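The values are calculated or read from the model by the stated rules, or taken from the named source; none is laboratory data. Remember, it's a predicted structure, so these values are computed and weren't measured experimentally. A quick note on method: Cβ atoms are made from the backbone with ideal geometry, for glycine too, and the neighbour counts reach across all protein chains shown. Note: areas computed on protein heavy atoms with side chains; ligands, DNA, RNA excluded. Shrake-Rupley method; radii C 1.70, N 1.55, O 1.52, S 1.80 Å.
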Amino acid sequence: MLAWSFYDWANSAFATTVMAGFFPIFFKQYWSADVAATESTFRLGLANSVASIIVVCLAPLLGALADQAGAKKRFLLFFAGMGIVMTGGLYLVAMGNWAMALVLYGLGVLGFSGGNIFYDSLMVSVTQKQNYDKVSAYGFAFGYLGGGVLFTFNVLMTLFPAFFGLADAAQAVRLSFVLVALWWALFSIPLFLLVEEPSVGAHEKGWILAGFRQLIGTFSKLKQLRMAFLFLVAYWCYIDGVDTIVRMAVDFGLSIGFDANNLMVALLITQFVGFPAAIVFGEIGNRRGPKQGIMLAIFCYLMILLWAYHMEAVWEFYLLAIAIGLVQGGIQALSRSLYARLIPHDQSAEFFGFYNMLGKFATVLGPLLMGWIGVLTGDTRLSILSISILFIIGGVLLNFVDVEAGERAVQEMGDQQ
C-alpha cells in the first residue's frame, strides 16, 4: 500500500510545480516574451485543451487496457516515462521557442493523465475492497504532501537563487523542471518494484471494442438514473471552471502585471489551505446537504472571478488564493459525496470510474474560452471573467438535480435486479 501511494507523491510534483506553477510563468516570460499577454494566454489555453481532449478521446481505450490487457504496470511505465522525459526536456528548450515548449508540455500532461488511469486501477491489487476509501485517501494525502514539499523547495530556489549557487531565477525555474522529472522517477520506483499485479487472461484482440462496450454499458445505466446523469453534466461544467482556474490563475496574474514570485507564494497558500477546507465543507454537507454546499462553493467562485476582474493589488491576489483554497477542496469533496447518493452502492466502482474520467479530463472548454475571449477582446480581465459562464451553467443544472428523486431511482433499480 505504501509503495502504491508513493506514486501519488511522485507525480503530484508535476501537477503542482509544472502545470499550476512554473510552466505558465516561464512560458509567458521566457518562451513567449515577444508576444502580447493575450496571445500567450491563448497559446497556453489551447495546449491545455488539446492535451485534455486527446486524453478524453483515449480514455475508453486506456480503460479497456487497464481492465483487460493484464499489463497495467507496463502501460503505467510507458506513460510515466513519457511524462518524466518530456518534463526534463523542458530544461533544454531555448528562449523564444514557444512551440517546442508547448509540445513537450502537452506530451507531459498526456503522460501524467494517462498514467493516472493505470495507477488508479492498481489500487485493487494493494488492498481489499473494504479498505479502498482508506487507501485512496492515503494516496491523495501523499500527493498533497509530496507536491507541496518539492514545490516549496523550488519556490525557494527562485526567490533566493544565489543561496543555491544559481545565476538567477530563470536558471532556478529550468532546474526545477529537472528536479520534478527526477522526483517523479525516483519515487515511482517503489510501485514498480513492490506492487504485484495479478495476472489475468488478457485478450490480444478485441480490447478496443471491449473498452467502448464498457463505456456504453455504464452510459446506458446512467440514462436510467436521470438525476445522476444530470449531476454529471453539471459537474463537468463547474469542475472545468475549477480546473481552469488552477491551471490558468498564474498566467492571469502575470498578464495583469503581478510579480512571478508573489504568484508562487500565493499558489503555495492555495496548496496547503485546500485540505482543511474539505473538512469544513464536509460539515456543511452533513448539516445542510452536499448540494447546498456545492451551490455555496459555486457562488464563492463567481465572487472570486468578479473580484479578480477588478483586482489591482498583490495583496488581493493573496486573499483570492486563500478563497480559492477554501472552496477548491470543498467543492471536490462534496461533489463526490453527492454523486455517491445518486448511484447504486453495489456498482460504485463502475460508476465512479465514469465520474473520475470526467473529473480528471476536464479543462477542455475553460482554457479555450479564456484564450478566445482574451484574443477577441484584447482584455485579459474579461478572459478570466468568462470562466463564470461554466459555473453559472453548472449551478443552473445542479439546481434541477433532485437528490431525493435520485435516491429513489437508485432504490427502484435495485428492486428490479
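For beta carbons closer than 8 Å, sequence separation of 6+ or different chains, a first residue in the range 8-29 that is more than 14 Å from S176 (Cβ to Cβ) and a second that is surrounded by 24 or more Cβ atoms within 10 Å (Cβ to Cβ) and among the acidic types (D, E), the qualifying pairs are K28/D251.
For the range 16-27, the condition holds for at least one residue, the condition being that it is among the aliphatic types (A, V, I, L, M) and at pLDDT 80 or above. Tally time: how many residues in the range 300-356 are touching an Asp or Glu at 6+ places or on another chain (Cβ under 8 Å) and at pLDDT 80 or above? Total satisfying the criteria: 2.
Of L191, L230, L182, L263, all but one fail to be modelled with pLDDT of 70 or more and within 20 Å of the chain's Cα centre (by Cα); the exception is L263. Annotation: F118 fulfils all but one of (1) assigned to a helix (DSSP H, G or I); (2) more than 17 Å from Y355 (Cα to Cα); (3) modelled with pLDDT under 85; (4) not β-branched (V, I, T); the unmet one is (2). Taken together, the criteria place L145 among residues that are modelled with pLDDT under 85, surrounded by fewer than 19 Cβ atoms within 10 Å (Cβ to Cβ) and under 21 Å from L186 (Cβ atoms). Return yes when W372 is modelled with pLDDT of 80 or more, of a type outside the set (S, T, N, Q) and either more than 19 Å from Y235 (Cα to Cα) or part of a helix (DSSP H, G or I) (or both) and no when it is not. Criteria met by W372. Test of understanding: among F153, F140, which residue is open to solvent by 30 Å² or more (accessible area, probe 1.4 Å) and modelled with pLDDT of 80 or more? Exactly one residue qualifies, and that residue is F153.
If the condition is being under 16 Å from the mean Cα position of the chain (by Cα) and charged (D, E, K, R), then the range 1-59 contributes only D8.
With respect to the conditions (1) surrounded by fewer than 18 Cβ atoms within 10 Å (Cβ to Cβ); (2) modelled with pLDDT under 75, L254 lacks only one, and its number is (1).
Of the residues V103, V93, the single one that is of a type in the set (V, I, T), within 22 Å of the chain's Cα centre (by Cα), within 18 Å of F23 (Cβ to Cβ) and modelled with pLDDT of 85 or more is V103.
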